[in-house]
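As structure tokens, the structure follows; a few thoughts come after it.
The values are calculated or read from the model by the stated rules, or taken from the named source; none is laboratory data. What you are looking at is a predicted structure, and each value in this text was computed from that prediction instead of being measured. Here Cβ is always computed from backbone atoms with ideal geometry, including for glycine, and neighbour counts include all displayed protein chains.
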């Protein structure tokens, strides 16, 4: 029994020596992973700081003014919606992520937006601001002229590039009734 014990202890000592000589790389893997995460964070911050910031022009005002007066803007929109309803008719369209997207042609286009007058207001007294824009950039922004034909707002515009566009409208009835609308457009 005594010899058997010595043989097993020698075997254990040999295994310990093998384990000590065997190098484990998992601590290096953890350090390398942490280093790569830090580098990825630095690269992300660098790229984000170089990318231009485009303000959303939906409310035709600066972000700060919209944030300060958001509740008032929403109340004005609600009042406007009680008086008028806007829609585009006779345009081929499709649904994309809860948004109705209307097809337009590259080149010259005419778009008609019908105003349903719910309270017989004089439509010629409406003040209308219109912006043709791309959702991802402000580079191609163009203020459009609008003409009123009966109860239709008619816009003539020229599309120079294929892709997604949007028409932003600000319609002012009076200081307590202002409507903001966005219509999505896509070239065929």
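Whenever a residue of segment 52-71 is within 18 Å of residue 171 (Cβ to Cβ), its partners that are assigned to a loop (DSSP other than H, G, I, E, B) and at pLDDT 85 or above, lying with C-beta atoms within less than 8 angstrom and at least six residues away or across chains, give the pairs 66/59.
Scanning segment 118-140 for residues that are exposed (fewer than 13 other Cβ atoms within 10 Å of the Cβ), in contact with a strand residue (DSSP E or B) (Cβ under 7 Å, 6 or more places away or on another chain) and in a strand (DSSP E or B) returns a single hit, 127.
Determine whether residue 9 is at pLDDT below 70, exposed (fewer than 11 other Cβ atoms within 10 Å of the Cβ) and more than 19 Å from residue 178 (Cβ to Cβ). Taking the combined requirement at face value, the residue satisfies it.
Look at (1) part of a loop (DSSP other than H, G, I, E, B); (2) at pLDDT 90 or above and you find that residue 168 fails only one, number (1).
What about residue 151, is it in contact with a strand residue (DSSP E or B) (Cβ under 6 Å, 6 or more places away or on another chain), more than 22 Å from residue 58 (Cα to Cα) and modelled with pLDDT of 90 or more? Spelling it out, residue 151 is indeed in contact with a strand residue (DSSP E or B) (Cβ under 6 Å, 6 or more places away or on another chain), more than 22 Å from residue 58 (Cα to Cα) and modelled with pLDDT of 90 or more.
Looking at segment 45-63, which of the residues that are within 19 Å of the chain's Cα centre (by Cα) and at pLDDT 85 or above is surrounded by the most Cβ atoms within 10 Å (Cβ to Cβ)?
Our first condition is that a residue be within 19 Å of the chain's Cα centre (by Cα); within segment 45-63, this holds for 47-63.
Next, from what is left, pick out any that are at pLDDT 85 or above: 47-49, 58-61.
Details: 47: 9, 48: 9, 49: 8, 58: 16, 59: 18, 60: 15, 61: 16.
Once the filter is applied, the top-ranked residue is 59.
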